[in-house]
Amino acid sequence: MRAVIRRHLLVITAVLLSHLAGCAAPPPADDPEAVADFNETNDPLEPTNRAMYAFNNGLDTAILRPAAQAYRFAVPGAVREGVHNVLTNLGTPVQLGNDMLQGKPRRAGDTTMRFFINTTVGVLGFFDVAKDWGYPDHDTDFGITLALWGLPEGPFLFLPVFGPSDPRDASGLAVGAVMDPFTWVGQGLAVRALDWSRFGMNGLDQRERHLDDIESTKRTALDPYATFRSLYRQHRQGRIDDARNDNRATIPVWFPQSVRPDTVTYSPSASRSH
Amino acid sequence: MPNRRDFLVLTAASLLPAAARAQSGDGRASAFVKGIGDRLVAVVNGPEPDRDKRAKLTVIIDGAVDVDGVARFCLGRFWRNASAEQQQRYTELFHKVLVTNITAKLGEYRGVRFTMGRAQQREENAVVSTVVERPNNPPTNVDWIISNPAGDPKIIDVVAEGTSLRLTQRQDYASYLSRNNNSIDALINAMRQQVGQAG
């Protein structure tokens, strides 16, 4: 896994360096609307990013997509769901760290309860029992933490292998790997093999879950790269807003509830703006 | 202090109809989305061939979606630069592209079902939340943005997991245009090809 981190860092440096290689030419200054569009798109590395997109697309067509299709074909849905749950459960330590860094006690509580319930009753995370017991899962990572700390997202980046990103999320990716206890547990070939299998399974799981979406986006978009760029940013903003707006009170259910207007029930998609 | 109480009562009384109106607008928006959703699910999961489904979808979409408004939104700043004739050709094609894109997803949506969430007012629109579930895919939070909820409700946007359909479409078109000398004719040709390919 340390090798994985080193790779992450290498990749990020490479992409930042490639800044020098390919920059999008800004439109002429006498066309204010075009300039506004250019700034809103905020993709100064577009030529490089497009090259990375093409590279990832080739990789996907050759390896990841067929693998995901085979996985969907060969493994029953319930088992895939279980595998997904195990992977999610392995991610709870990092998730908990981020919940706490974001100052979201209820989310941290959910994550902790999920870990204990699902690891035991849920048989090492295979069954998501906690969800039915009132501890729903939520998406979070260090990129979201940085966003809540006020760091701007920066220009768009398309990373090889990892796909759409931005400097904030790319840093989050690297810090996330450092935060993961599994990065630091044990050493030797077996541990490294397990780390890599988890990394690979995560990729396969995510790709299988988005087989249909990615397929139809590619089919319907006139410019798939621009469409994925837009989708990625909107989706991230949605997750950030979810975290920001999750201000549930920390009073236990059995305790007399005081009425505070800012602590009403939390509903993920409710307060999202676009 | 009777005066103050009267004042309070009066204020409350004058606010109530507004609140009730908003409430009924949300309720109507919910009922509207539920009705459209039920009709869409019935067509998608129905037994008839795709050609017939396409015809039925066209009727539902043209009735429920403010397609002209969405089309204008998606062209963004280029709408004003377009000639009246280009605007008309573009809008006509946009109707077809929308139906084609939805028809193309018929296969992956077979077996779809949805559950209604809450409705709320956002500016002059109503936002109705639903959860859409389809086989092989994780459940998706989908918000329906309804304009004019109390009068003649129309869908003006669909927001899936925080991603707005019309905003994504607008950025797709904007990027295509900027890579094709901002030529609206080029966009129209590309759209025509899209519709043609799907038959």
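Tabulated data for the structure shown
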read-out	value
Scope the stretch A:219-229; condition part of a helix (DSSP H, G or I) and modelled with pLDDT of 95 or more; matching residues	A:P224, A:Y225, A:A226, A:T227, A:F228, A:R229
Residue tally, condition assigned to a loop (DSSP other than H, G, I, E, B) and either surrounded by 15 or more Cβ atoms within 10 Å (Cβ to Cβ) or on the phi > 0 side of the Ramachandran plot (or both), over the stretch B:109-139	6
Criterion violated by B:R122 - all others in (1) in contact with a strand residue (DSSP E or B) (Cβ under 6 Å, 6 or more places away or on another chain); (2) among the basic types (K, R); (3) at the interface with chain A (Cβ under 8 Å from one of its Cβ atoms) satisfied	(1)
Candidate set: the stretch B:151-170, residues that are out of contact with any Asp or Glu (no Cβ under 9 Å at 6 or more places or on another chain) and buried (at least 18 other Cβ atoms within 10 Å of the Cβ); chosen: the one nearest to A:L222 (Cα to Cα)	B:Q169
Which listed residue is facing chain B (nearest Cβ under 8 Å), out of contact with any Lys or Arg (no Cβ under 6 Å at 6 or more places or on another chain) and in a helix (DSSP H, G or I), from A:D241, A:D212, A:D205	A:D212
Selected residue [over 21 Å from the mean Cα position of the chain (by Cα) and modelled with pLDDT under 90] from A:P44, A:P76, A:P27	A:P27
Evaluation of B:I184 against (1) more than 24 Å from B:Q87 (Cα to Cα); (2) among the hydrophobic types (A, V, I, L, M, F, W, C); (3) in contact (Cβ under 8 Å) with a residue 24 or more places away in the chain; (4) surrounded by 19 or more Cβ atoms within 10 Å (Cβ to Cβ) (one fails), failing number	(1)
Helices (runs of 4 or more DSSP H) completely within the stretch B:13-94 that count 3 or more residues being surrounded by 13 or more Cβ atoms within 10 Å (Cβ to Cβ) and modelled with pLDDT of 95 or more	B:67-75
Residue count for the stretch A:56-114, restricted to those that are surrounded by 18 or more Cβ atoms within 10 Å (Cβ to Cβ) and either in contact with a Pro (Cβ under 7 Å, 6 or more places away or on another chain) or small (G, A, S) (or both)	7
Enumeration of residues in the stretch A:218-246 that are out of contact with any Ser or Thr (no Cβ under 6 Å at 6 or more places or on another chain), free of Cβ contacts under 8 Å to residues at least 40 places away in the same chain and within 27 Å of A:N85 (Cα to Cα)	A:Q237, A:G238, A:D241
Qualifying residue in the stretch B:159-179 (condition: within 11 Å of chain A (Cβ to nearest Cβ), at pLDDT below 95, part of a loop (DSSP other than H, G, I, E, B) and closer than 20 Å to B:D62 by Cβ)	no
Residue match in the stretch B:112-133 (condition: of a type in the set (S, T, Y), under 23 Å from B:L40 (Cα atoms) and touching a residue at least 60 places away in the same chain (Cβ under 8 Å))	yes
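The values are calculated or read from the model by the stated rules, or taken from the named source; none is laboratory data. Every value quoted in this text rests on a predicted model; they were computed, and no experiment measured them. All Cβ positions, even for glycine, are placed from backbone atoms using ideal geometry, and neighbour counts span all protein chains on display.
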